[in-house]
Amino acid sequence: MRYERIEEAVFRARPNRFVAQVTTGRGEEICHVKNTGRCRELLVPGARVWVQRNESPARKTALDLIAVEKNGNLINMDSQIPNRVAAEWIREGNLFTEAALLRPETRYGDSRIDLYIEEGERRMFLEVKGVTLEEDGVARFPDAPTERGVKHIRELMRCRAEGYEAGILFVIQMKGIRYLEPNDRTHPEFGEALRQAEDAGVEIMAVDCAVTPDSIRADRRIEVRLT
């Protein structure tokens, strides 16, 4: 996955969860934040960030915040990109062969599951979660309570009970991660649902990503620790 028209900038402030104030080569500008998570450990005044410029007259802002540097490590913050990264990873022959059918945003029950994958007799529903929270080399999800995330886990357990394969893929939008675990401190209900899902046969997986200012690609499998 590659971006165009990327520029380096400096983060200044985040007046609300949708907007950031940054300094670019053109001076002070307003930037759309494509991640509604808290990201407090990432968006600190003075942080190096990378933004994508799009000067369409239909837009309220000309910039989108794409990536941020933390302790020398580049982290992609685009919450709209993990599904595409996951699809590319699968099409490279992971989980299924390259010939598998992928269908995004497929309805199941009361939810839309991120990916439906079919190949031969195999049918799988896969939910994708982007991860940007890192502490001492450990990735944690979520960074804020997510009732929607718990609902999706319950739906995947239903999928599994009805004979489908089901999985959750955590796309860790950075390198340098030793393992991933649920953020029980922030949302214990999510962690408990994740452990119940694993017991029910839902596959829990994580991959890290190779990130540059203008690209992101799933790289290698990362251990998931649920206990």
**Q.** Checklist (1) touching a Lys or Arg at 6+ places or on another chain (Cβ under 9 Å); (2) open to solvent by 40 Å² or more (accessible area, probe 1.4 Å); (3) within 30 Å of E127 (Cα to Cα) applied to N16, failing item
**A.** (1)
Q. Is there a residue in the range 2-11 that is modelled with pLDDT under 90 and either part of a loop (DSSP other than H, G, I, E, B) or of a type in the set (A, V, I, L, M, F, W, C) (or both)?
A. no
Q. Which one of the conditions (1) part of a helix (DSSP H, G or I); (2) more than 11 Å from the chain's Cα centre (by Cα) does V85 fail to meet, given that it meets all the rest?
A. (2)
Q) Taking the range 147-183 as the region of interest, how many residues are in a loop (DSSP other than H, G, I, E, B) and open to solvent by less than 30 Å² (accessible area, probe 1.4 Å)? A) 4
Q: For the range 31-60, name all the residues that are touching an Asp or Glu at 6+ places or on another chain (Cβ under 8 Å) and assigned to a loop (DSSP other than H, G, I, E, B).
A: K34, N35, G37, R38, C39, E41, A47, N54
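Rundown of residues vs (1) of a type in the set (D, E, K, R); (2) crowded, with 20+ Cβ neighbours inside 10 Å, yes/no style:
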residue: L65; (1), (2): no, yes
residue: V68; (1), (2): no, yes
residue: N71; (1), (2): no, no
residue: L74; (1), (2): no, yes
residue: M77; (1), (2): no, yes
residue: R84; (1), (2): yes, no
residue: A100; (1), (2): no, no
residue: R103; (1), (2): yes, no
residue: Y108; (1), (2): no, no
Q: Scan the range 108-158 for residues that are out of contact with any helix residue (DSSP H, G or I) (no Cβ under 8 Å at 6 or more places or on another chain) and of a type in the set (S, T, N, Q) and jot them down.
A: T132
Q: Give me a count of the residues in the range 134-169 that are under 15 Å from G191 (Cα atoms), more than 15 Å from the chain's Cα centre (by Cα) and of a type in the set (D, E).
A: 1
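This table checks each residue for (1) free of Cβ contacts under 8 Å to residues at least 40 places away in the same chain; (2) farther than 27 Å from Y108 by Cβ.
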site: G176; (1), (2): no, yes
site: A193; (1), (2): no, no
site: A197; (1), (2): no, no
site: M205; (1), (2): yes, no
site: A210; (1), (2): yes, yes
site: P213; (1), (2): no, yes
site: R221; (1), (2): yes, no
site: V224; (1), (2): no, no
Q. How many residues, within the range 120-146, are free of Cβ contacts under 8 Å to residues at least 60 places away in the same chain and either open to solvent by 50 Å² or more (accessible area, probe 1.4 Å) or not in a strand (DSSP E or B) (or both)?
A. 8
Q) Among (1) in a loop (DSSP other than H, G, I, E, B); (2) in contact (Cβ under 8 Å) with a residue 60 or more places away in the chain; (3) among the small types (G, A, S), where does G93 come up short? A) (2)
Q: Would you be able to tell me the number of residues in the range 208-224 that are within 20 Å of G72 (Cα to Cα) and surrounded by 17 or more Cβ atoms within 10 Å (Cβ to Cβ)?
A: 6
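The values are calculated or read from the model by the stated rules, or taken from the named source; none is laboratory data. Please read all numbers here as calculations on a predicted model, not as lab measurements. All Cβ positions, glycine included, derive from the backbone under ideal geometry; neighbour counts span all protein chains shown. The protein model used for the area step is the full one, side chains on, heavy atoms only, and it has no ligands, DNA or RNA in it. Shrake-Rupley method; radii C 1.70, N 1.55, O 1.52, S 1.80 Å.
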